[in-house]
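Trainee: Dropping a structure here in structure tokens format, bear with me for questions.
Laboratory data are not the source of any read-out in this text; all were calculated from the coordinates shown. Everything numeric in this text was worked out from a predicted model, so none of it was measured. Quick reminder, even Gly has a Cβ in these numbers, built from the backbone with ideal geometry, and neighbours come from all protein chains shown.
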Amino acid sequence: MNEKATQFIRAKQIDSFQKLRFLLFIHQHPTLTGTIQDFGSQLYLGNIPMLENIVADLCGAGLLDCVGNRFKLHSDPDVNSCLECLSKVFEDPLARQRILDQVRNAQPGYLWPGLG
């Protein structure tokens with residue numbers, strides 16, 4: 001797996017599949033802004049409180065910007081470069097599995113749906 005993607009996951013504390021999925025989605029739609037409810041209806045990642053936590057974590061990591069009650073991808077060349085790298089690595093099935101293993105192992109005790 002690409003070292004840049006690995007370091008990005010670790011540095012930005014991407015510690016759940018839901019957070020990774022949200023981040024890759026928002027990267028694929030860089031001009032999209034929306035409320036937590038908007039994203040919830042598009043991604044089907046779980047309940048609103050969980051999405052609130054994901055968005056708060058990603059804002060805290062400097063990956064999302066908040067304008068009122070709407071959120072968008074933070075516009076930073078370094079962040080965009082890392083997300084582009086992560087997105088490309090994620091396209092390879094073997095690399096994707098290693099990314100998912102890294103994310104899963106970042107959160108001790110977490111049982112992935114269907115795996116525990």
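Trainee: What pairs come up if the first residue lies in region 4-25 and is more than 16 Å from E84 (Cα to Cα), the second is assigned to a loop (DSSP other than H, G, I, E, B), and their beta carbons are under 6 Å apart, counting only those six or more places apart or on different chains?
Mentor: The qualifying pairs are D15/A106; D15/Q107; Q18/L45.
Trainee: Among all residue pairs at least 6 apart or on different chains, which show Cβ distances below 7 Å where the first residue, located in region 26-43, is free of Cβ contacts under 8 Å to residues at least 12 places away in the same chain and the second is of a type outside the set (F, W, Y) and in a helix (DSSP H, G or I)?
Mentor: Partner pairs satisfying both residue conditions: Q37/I48; G40/I48; G40/L51.
Trainee: Consider only pairs whose beta carbons are under 6 Å apart and that are at least six residues apart or on different chains; among these, list those whose first residue lies in region 49-74 and is among the charged types (D, E, K, R) and whose second residue is assigned to a helix (DSSP H, G or I) and surrounded by 14 or more Cβ atoms within 10 Å (Cβ to Cβ).
Mentor: Here the result reads E52/I36, each pair linking region 49-74 to a residue that is assigned to a helix (DSSP H, G or I) and surrounded by 14 or more Cβ atoms within 10 Å (Cβ to Cβ).
Trainee: Looking at region 81-107, which of its residues are among the polar types (S, T, N, Q) and part of a helix (DSSP H, G or I)?
Mentor: Within region 81-107, S81, S87, Q97, Q102, N105 meet the criteria.
Trainee: Listed residues I36, I9, I54; which is aliphatic (A, V, I, L, M), surrounded by 15 or more Cβ atoms within 10 Å (Cβ to Cβ) and closer than 13 Å to I99 by Cβ?
Mentor: I9
Trainee: Are there any helices (runs of 4 or more DSSP H) wholly within region 1-80 with 1 or more residues that are farther than 28 Å from P93 by Cα and not aliphatic (A, V, I, L, M), and if so which?
Mentor: 36-43, 48-60
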